[in-house]
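Below you'll find the structure, written out as structure tokens, and then a few comments.
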Amino acid sequence: MDTKEILKKVRKIEIKTKKLSDNIFGGEYHSAFKGRGMTFSEVRPYQYGDDIRNIDWNVTARYNETFVKVFEEERELTLMLLVDVSGSEFFGSLQQFKNEIITEIAATLAFAALQNNDKTGLILFSDQIELYIPPKKGKSHILRIIRELIEFQPQSKRTNIAHALEFLNKVMKKKTIAFLLSDFIGEDYQKPLQIAARKHDLTGIRLYDQRETSLPNVGVILVKDAESEQLSYIDTTSKAVRDRYTKDYQQKVSYFETTFRHLGAGVLQCRTDESYTKKLLGYFKYRA
């Protein structure tokens, strides 16, 4: 893809997603996430009606007078986008590929953060960290993130969600608003997810295609694994084969849902032929 074509795509996504953020998601994003964290501001003498849990015992002992800690809402937040760029994201049977919708969702979230004067950072991952862009403010920074989402060519096609979460926990020392966008065709990420969900405000957004959920009965077919690139023949006339595929798929979905919810992280799921606008708006309103 040449530079002119890339810039054209960036502009197209900017127009579409910025309009959504300005007109729909800006206020909802603010309501859902602003004021969730509280930072220490100062101490002042105790007044009747103050919460005794806020008494600063060290200062109280030093001055022989009761002082309380005063907290204020965190006005500036940091948004981190963790985006799966493995081979399975380049699939879509109807309107768009999963990676195209992921790009639009990520851009919408980034513009919502920009509107609220928050920083935005990006982590592109496969089974390794493909790219890390530290959080910054500004429209030019957001456009760079969109450009990378469009044109970046990953070195690997495999997926390791646990590694992405470990990297997030390592580079982000303070609490962030983190969105992990993937099809979650993988498991064994419970331990780093537990740490990330405790430390950050984390939401998993699962993008999937209807054709992935089950195998059609279309005879013997040659298939290629999107991540391992292994070729194999599958007899789809066999009910046992179709049932085994469906069971394996549902197991991965169940692992995502139960693990995220059990550990206190948010869950949002969107099919490629559904409106992610409605899904996001519903989630933000639920969070507010």
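The values are calculated or read from the model by the stated rules, or taken from the named source; none is laboratory data. Keep in mind that this is a model prediction, so the values were computed, not measured. Ideal geometry is used to build each Cβ from the backbone, glycine not excepted, and the neighbour counts take in all protein chains shown. All accessible areas refer to the heavy atoms of the entire protein, side chains included, with ligands and DNA or RNA removed. Shrake-Rupley method; radii C 1.70, N 1.55, O 1.52, S 1.80 Å.
A few points about this structure:
- Average accessible surface area per residue within the range 167-288, 1.4 Å rolling probe, Å²: 54
- Dipole of the range 46-150, positive end: most advanced residue of 85, 105, 149 [Cβ charges, Cα centre]: 149
- Using the 1.4 Å probe convention, the accessible area of the range 89-156 works out to 40 Å² per residue with neighbouring protein chains retained.
- For residue 195, net neighbour charge (Lys/Arg +1, Asp/Glu -1) across residues whose Cβ lies under 11 Å away: +3
- Accessible surface comparison of 181, 215, probe 1.4 Å, protein chains only, largest first: the order is 215, 181.
- Dipole axis of the chain (+1 Lys, Arg; -1 Asp, Glu on Cβ), positive-most option in 25, 96, 276: 25
- Degrees between helix 98-115 axis and first principal axis of the chain (Cα, 0 to 90, nearest 10): 20
- Degrees separating the helix 276-287 axis from the principal Cα axis of the chain, which is the longest one: 30
- Of the listed residues 201, 127, the order by accessible area with a 1.4 Å probe, largest first, is 127, 201.
- Estimated FRET transfer efficiency (residue 246, residue 224; beta-carbon r; R0 22 Å; 0.05): 0.65
- Dipole magnitude (debye, nearest 20) for the chain, charges at Cβ of Lys, Arg, Asp, Glu: 500
- Percent carbon-and-sulfur accessible area, the chain, ignoring ligands, DNA and RNA, probe 1.4 Å: 48
- Pairs exceeding 28 Å between alpha-carbon atoms, taken from 252/279; 174/252; 139/252; 19/170; 191/247; 170/224: 174/252; 139/252; 19/170; 170/224.
- Taking all protein chains as they are arranged and a probe of 1.4 Å, the heavy atoms of residue 152 leave approximately 50 Å² accessible to solvent.
- If you run the Gaussian network model on the chain, springs between alpha carbon atoms under 10 Å, then out of 164, 240, 178 the most flexible one is 240.
- Calculated from the structure at hand, Rg/Rh (Cα atoms, Kirkwood Rh) is found among (1) 0.97; (2) 1.04; (3) 1.06 as (3).
- A probe of 1.4 angstrom, applied to the heavy atoms of all protein chains, finds residue 262 with accessible area near 140 square angstrom.
- Heavy-atom accessible area with a 1.4 Å probe sorts 212, 89, largest first, into 212, 89.
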